[in-house]
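Only one structure is covered here, and it is reproduced in the block below.
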Amino acid sequence: MTKLSKIKLTNITKKFLTNEMETHALQGVNLEIFDGDYISISGPSGCGKSTLLTILGLLDTPTSGEYIIAGNNVSALTVNERATLRNEHIGFVFQSFNLIDELSVFDNIALPLRYRQQPLSSKEIQSRVISCLEKVQMSHRAQHKPNQLSGGQQQRIAIARALVNDPAILLVDEPTGNLDSKNGDAVMQMLSELNRAGTTICMVTHDPRYADMATTKLHLLDGTMAEEFSMGLAV
Amino acid sequence: MSSLRHVFGQELRLSFASLMRLPSFSFTVIATLAVTLAALAVVLNINYLVLTKPLPYPDAETLVVTDQSETINGDTQYGFQLLPTQFHIYSDTTYIEEMALMSISDGKLRDIEGTPFIDGLRVSPEYFSLLNTPMLLGRYFNKNEGVNDQQSVAVLSAKTWQEHFKSEPAIIGQFTRIGNQQYKIIGVAAPSFSDPEVFGHTATEVWMSFSQEISTTQDWDSITGGINGIARLKAGIAIKQANMALGEQINDLYQSQEGVAPDTSIGARFVPLKTKIIDDSDTMALMLLAGVITLLFIAVTNITNLFFSRAAEKQRVMAIQAAVGAQPKHLFASMFAEAFLLISAAWVIGLVLSGWIMLWLENDLQYMFPRMQNLQLDAVTVVASGIVSLLIALVMAKLAVKQVNYSKLIDDLHGSGKGTGAQISAFTRNLLVATQVSLATVLILGAIAVLSPVFDRLAKPVGFNSDLVTYLRVDSGAVEEGVFEYAQQIKQKLANLPEVQGVARALSTPLAMGWKNYLYDSNNKMLGIVSTGMYDQDFFSVLEHPILAGRSFSDITNSDAIPQEIIISESLAKRVFGNKPAIGQILQAAQNEPLTVVGVVGDIRVPDIGYDYELERYYLPYPGDQLSFTIKLNAPLARAKILNVLTTINPNFSISRIYDLDWALERRLREAKLVAILTVSLVLLALTLAAAGIYGVLSYAVQMRRYELGIHLALGAHTHSLISMVVKQSMMPVCIGILSGLVIAVMAHLIGSQLWVYELRANMLSFAFALPLMGVIAIIACYWPVKKVITADPIKALRNE
């Protein structure tokens, strides 16, 4: 069966200019992510992992190269068009959870739905949020505030928020960085289950144990993709 | 759009929850703006009512007031009319379409308990039709109750009917005595009726018909501001045209009278009704508006700083929103929702507050400004302040979101606790401080320029001793014969009371202005129209009014043998006689009736609304056709005791008016005091806001530098060197603010004096006061936040605790 391409990066470079010095964060990165993939990107500190993830998440623009997501070339998009694509096609999970303390768990998860081009009815929002809460087994915490939850629970809420708009891809940045090993394992377990249920995931991690849980492992070194393994095979 | 509406609706709910968790931020914004919006609403309301709101009469813009001019020796003054000339204009059919004749006629309601004194106006029936007076009960005058119809009918104001006639439903057809005349009450005006304030800002309490005969052949001896007319000119007739033609006619009439003073003439000087009502209140109203707008700018600068800090605080939340797909407009909606909630709350509280302020200041505002009857917040003011509030909310949200670099937001999301979050740039901080200081400097300079003449006026000695002096006017009832003898008896009996130190007869007190008369030299040459007082021989000693040369009047012992003497003020003596001695010279109050100058008395300074002091005055012996007295007391004197004295002389006698001179003086200084109170309140409010704002910005700046200060401290820096470092850096925008404030104030003064004919007596005192004051406020605002950091252990600053 032919897999559907969700994301395609062709020859992506990213340069930073600081104090008249050029830093090449990414140098000619090529990457294609297909429907149902579970990719891990690992590498040493400063290798460009986070830069790659922010470019993938449309939070930053590449210096050169082509980036296509869900059939859209993002090179010449406006700020608003990029926000809309981000809203509709990308789900983010951050190391520091990035939940809004003033909002309840329910409202945190519903947040992406509020920025949709086509607003949903309250009923539909409720059904989507509840369904995502069920996926992360946190239905009983809907009315709690994030600061009333443990780190692991907060990360699960962050995952539910990332899933609520049914995105093309889940971008996950060091999901276990702020968690103890027990909670970290539980979150990783959840991501694997989501992938098995069909969610496409691209994860940045420096923990080789968790990197191994992905179906495709990429290694980034000095801004270039060093190795690529899929199910243990080079492609 | 529908998406944004949807987002905004939810943002309002979420913002409410967020703000509930930020009580100090919410309170500061709401309190600052509520007070400012309250001041703005009051001042906008005043300006709208005084300057802009159309008069509530049909075709009001076509109504004119038939003011006259009077020219003496080439000097022209306005606002004094003659009844026969007004009657001539009233009778004109060539230029005048319709005209109402008006004459002030105050009096006591004799049939009402306590015989209250009310402000009345005699009017012809056209008054009601021209103004389309709405009636609560009965009717207004018909054409058979007009001038020379010899009818005595009255229309009560709604307030008079309620207060003095107990809202009696069957009032129509009843009779009541006003002064010495009986009137049939034929109507009660509706409470919504505001009578045009042609004669000042006092609301008319009763309208009476002209019961006396009026013609062009009599009443030529009384030129007064208490007579006037409201007219509508015939279609196609311009005011200028009517002034020319009717002015010439009334001057011809005037010149044809016997005993007309040489070198005098009169004319017509019709003015639109609105112009007459506004008079010179617009300057004060506009100055208040300028002050309150400056206050608004200061408040907005404060709020801007608070919203910048809030935006910095919300940076992380906004980054999360952006990461899940929020566009810049969504972030704006989020910030706007907060601003909208806070500013709406401030607007509502501000309106309630302004309602209270107006209720509290109602009497004072009515005294100072026209059209303040039935004072309440006008719908236009509510809408205007609402629009201002909405604009502030939009600007705050826009400025706050502008501080947020959308494309850099994501930096906030990486890692946990990396970076210090968003900061307000040094340039923005300095700009905020400089703006605050600049605005406050302008306001202080402006306020001092307004206040210094006001304080001069308040502090200026009046020129006589008003302490424990009481003015008494006796109501003689129907007694008309032997007034002089009665007066002598009353004076004697009052003087015998142990509480009384001295008694003098006087037509009025020196505090009652407006009594003016011609003055001629011995050759019948007109010397001008001069303030006049009529007193007996004891008056100057009773009032401790210094006689600088000569003496007081000879004793007045007989009403038929009044001494042919005159006493003049120092300024008048100087003008008329220069350095020559005045005593023994001849002056005349009427032609061919020489009076010898027997005394020169000190100038008195009676404060009056908007006028300079009338220093030139002359005094004549008072023969007395009125029973009025000035009494110097040793101790309080009961009203009952005075009444007892009066009734033992004649049982018909009663007290008509009695008041202390101090009270009258207080009333004369009321405008100056009100101006001072309003200005000082405005400045204090502005200074408080500016000081709080400067403190807020500088405190934020120090907060941002805590870590750096911690390093300095850890490396052994002395506290005084750190304080001096921070204060020096912070004082730069303060100095720029003060300098730009000075430049703006000077420019505003120069432009203002070109555009408007006004005089602001700015002096060096303004600068000597304003500059150190702003400097001190700024230094305290700089020092305080630094002190908090340096007095704690350095490690706290290093840990950002």
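Descriptive notes on the structure:
- Basic side chains Lys and Arg get +1 at the Cβ, acidic Asp and Glu get -1 at the Cβ, and with that the dipole of the stretch B:206-279 about its Cα centre reaches some 640 debye.
- Label-point gap, in nm, between A:Thr61 and A:Asp222 - each point 7 angstrom along Cα→Cβ: 2.9 nm
- Only one residue of A:Leu221, A:Phe106, A:Ser42 has its Cα farthest out toward the positive end of the dipole of the stretch A:5-234, where Lys and Arg carry +1 and Asp and Glu -1 on Cβ, and that residue is A:Phe106.
- For the protein assembly as shown, share of DSSP beta bridges that run antiparallel, in % to the nearest 5: 75 percent
- Sorted fewest first by neighbouring Cβ atoms within 10 angstrom, B:Cys782, B:Cys735 come out as B:Cys735, B:Cys782.
- Neighbouring Cβ atoms from other chains, within 10 Å of the Cβ of residues in B:312-318, number 2 on average.
- In this structure the amide hydrogen of A:Lys6, modeled in the peptide plane, comes within under 5 Å of the amide hydrogens of A:Ile33, A:Phe34, A:Asp35, none closer than 5 places in sequence on its chain.
- Assigned charges on the beta-carbon of Lys, Arg, Asp, Glu; chain B dipole about Cα centre (debye): 4620 debye
- Taking Cα atoms only, the orientation of helix B:670-704 departs from the longest principal axis of chain B by about 10 degrees.
- Reducing the stretch B:74-107 and the stretch B:281-302 to their Cα centroids gives an inter-centroid distance of 39 Å.
- Chain A, relative contact order in percent, only Cα pairs under 8 angstrom and at least six apart counted: 29 percent
- Once the Cα-Cα distance is subtracted from the 0.36 nm per residue extended length, the B:Thr719 to B:Ile583 segment shows a gain of 41.3 nm.
- Per-residue mean of C-beta atoms belonging to partner chains within 10 Å, peptide A:83-94: 4
- About the Cα centre, charge dipole magnitude for the protein assembly as shown (Lys/Arg +1, Asp/Glu -1 at Cβ), debye: 4040 debye
- Sites matching GluC sites (Glu not before Pro) across the stretch A:12-69 that sit in DSSP coil, with at most 15 neighbouring C-beta atoms within 10 Å: A:Glu20
- Residue-count net charge about B:Pro546 - beta-carbon cut-off 11 Å; Lys, Arg +1, Asp, Glu -1: -3
- Taking amide H as placed 1.01 Å from N in the peptide plane, the amide H of B:Tyr659 sits under 5 Å from that of B:Tyr471, each at least 5 places away or on another chain.
- Per-residue 3J(HN,Hα) values for the stretch A:129-144, derived from phi via the Karplus relation 6.51 cos²θ - 1.76 cosθ + 1.60 with θ = phi - 60°, read 5, 4, 4, 5, 4, 5, 4, 9, 6, 10, 4, 6, 10, 3, 9, 6 Hz in sequence order (x marks Gly and Pro).
- Calculated from backbone phi, Karplus (6.51, -1.76, 1.60) coupling profile of the stretch B:151-163 in Hz, x at Gly/Pro: 9, 10, 10, 9, 10, 8, 6, 4, 5, 4, 4, 6, 7
- Selection from B:Ala640, B:Leu678, B:Gln626 lying farthest towards where the dipole of the stretch B:625-706 points positive, charges on Cβ: B:Leu678
- Relative contact order of the stretch B:166-243, taken over Cα pairs closer than 8 Å and 6 or more residues apart, is 15 percent.
- Loop-located trypsin sites (Lys or Arg not before Pro) in the stretch B:228-299 (DSSP state other than H, G, I, E, B) with a sparse environment of at most 11 neighbouring Cβ atoms within 10 Å are absent.
- With contributions of -39500 (n - 2.57) from each DSSP H run of at least four residues, the per-residue ellipticity at 222 nm computed over the protein assembly as shown stands at -15000 deg cm²/dmol.
- Full extension of the segment from B:Glu213 to B:Phe27, taken as 0.36 nm per residue of separation minus the current Cα-Cα distance, would add 60.2 nm.
- Beta bridges per DSSP with both ends in the stretch A:5-234, % antiparallel, nearest 5: 60 percent
- Given charges at Cβ of Lys, Arg, Asp, Glu: the protein assembly as shown dipole, positive-most of B:Pro772, A:Leu170, B:Ser105: A:Leu170
- Partner chain coverage, peptide A:159-172 - average Cβ within 10 angstrom: 1
- The relative contact order of chain B, computed from alpha carbon pairs under 8 Å that lie at least 6 residues apart in sequence, is 15 percent.
- Rounded Å value of the spacing that divides the Cα centres of the stretch B:325-377 and the stretch B:501-529: 51 Å
- Stretching the chain fully between B:Glu544 and B:Arg667 yields a gain of 42.2 nm (0.36 nm per residue, less the alpha carbon separation).
None of the figures in this text is laboratory data; all of them are computed from the coordinates on show. Quick caveat: nothing in here was measured; it's all calculated off a predicted structure. Neighbour counts run over all protein chains shown; Cβ positions are idealised from the backbone, glycine included.
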